[in-house]
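The values are calculated or read from the model by the stated rules, or taken from the named source; none is laboratory data. Please read these numbers as outputs of a predicted model, since none were measured by experiment. When we count neighbours, we look across all protein chains shown, and the Cβ atoms used for this are built from the backbone with ideal geometry, even at glycine. Remember, those area values only see protein heavy atoms, side chains included, never the ligands or the DNA or RNA. Shrake-Rupley method; radii C 1.70, N 1.55, O 1.52, S 1.80 Å.
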Amino acid sequence: IKIKELKSPGLKVVGQIVDLSYVALSTGDLWRWNDGYISTTDTGEPLVTIPGTHLYPLKPEVQRSESESSGHRWILRVSYLEKVASKLWELLDPELDEILVTVDALPSFPTSKLPYRAEGHPKLLIYNASSLIVKKCEGSEVVACNFCSFLCPLKLMQNHVGTHILRVSRNRSDIAPYARQIGPNPCGWYGLGQCKTQFKSTGRNQYAILSDCNYHY
């Protein structure tokens, strides 16, 4: 299949996730196909369906093994996979807030066999993408303001942080000195400036808010 064909509107790809084993070699570590596939759920679902735009074909090598009855195995070198992962991440324009919609649209597989592991540790991860998926607090959970340490339920923090932002925008001093400085483009939930927030269409004239902010509610 050609890469340009994967970009066709509405194209869906049905396939299976290959079962790989990690092999450490002095000439370079690699992943070797075990002639099997991983179920996408612990209940045994074998197939995955994903948009063609979310798929990128890899080029495995063929390794000959004299000690195995199969004779040949597909392998993917770690160095090759790291280069591909880095390239694909950059193509997603990760500095833009739209990256939240892209990551949210990626399929997830509730199986204990993923992510791949080697020596007990997760492997083949794009840590930049993983950092955008944060654990959110419940609305009733009590959290602290980043500026004055005021404690309140998360569902009320946006209003409290808003008072800090409004005072700074009008050059008014607060009751207590800020622990951190509010920047020119602060997050409405957290008050700091490094959060990403994006609207996601969920239907006709309907939208959801995506954010990597810990205080997003």
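Looking at the range 155-168, can you tell me whether even one residue there is surrounded by 12 or more Cβ atoms within 10 Å (Cβ to Cβ), touching a strand residue (DSSP E or B) at 6+ places or on another chain (Cβ under 7 Å) and either at pLDDT below 80 or within 30 Å of Ala105 (Cα to Cα) (or both)? Yes, that holds for at least one residue. Can you find a residue in the range 115-124 that is farther than 22 Å from Pro186 by Cβ, modelled with pLDDT under 80 and not charged (D, E, K, R)? No, every residue in the range 115-124 fails to be farther than 22 Å from Pro186 by Cβ, modelled with pLDDT under 80 and not charged (D, E, K, R). The strands (runs of 3 or more DSSP E) falling completely within the range 1-59 that include 3 or more residues that are of a type outside the set (S, T, N, Q), at negative phi and open to solvent by less than 40 Å² (accessible area, probe 1.4 Å) map to 17-23, 30-38, 48-51. Annotation: Leu125 fulfils all but one of (1) in contact with a Pro (Cβ under 7 Å, 6 or more places away or on another chain); (2) touching a residue at least 12 places away in the same chain (Cβ under 8 Å); the unmet one is (2).
Every condition in (1) touching a strand residue (DSSP E or B) at 6+ places or on another chain (Cβ under 6 Å); (2) under 30 Å from Cys187 (Cα atoms); (3) surrounded by fewer than 15 Cβ atoms within 10 Å (Cβ to Cβ); (4) not basic (Lys, Arg) is met by Leu96 except one, and the failing one is (1).
Table: residues versus (1) in contact with a strand residue (DSSP E or B) (Cβ under 8 Å, 6 or more places away or on another chain); (2) more than 28 Å from Leu210 (Cβ to Cβ).
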| site | (1), (2) |
| --- | --- |
| Asp35 | yes, yes |
| Val48 | yes, no |
| Pro57 | no, yes |
| Pro60 | yes, yes |
| Tyr80 | no, yes |
| Leu92 | no, no |
| Thr111 | yes, no |
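Checking each residue of the range 181-190 against the condition of being modelled with pLDDT under 75, more than 30 Å from Glu90 (Cβ to Cβ) and either assigned to a loop (DSSP other than H, G, I, E, B) or among the hydroxyl-bearing types (Ser, Thr, Tyr) (or both) gives at least one match. When residues in the range 177-196 are screened for being touching a Gly at 6+ places or on another chain (Cβ under 8 Å) and in contact (Cβ under 8 Å) with a residue 40 or more places away in the chain, 1 of them pass.
For Leu151, the stated conditions hold: it is of a type in the set (A, V, I, L, M, F, W, C), open to solvent by 90 Å² or more (accessible area, probe 1.4 Å), out of contact with any His (no Cβ under 6 Å at 6 or more places or on another chain) and over 17 Å from Leu210 (Cβ atoms).
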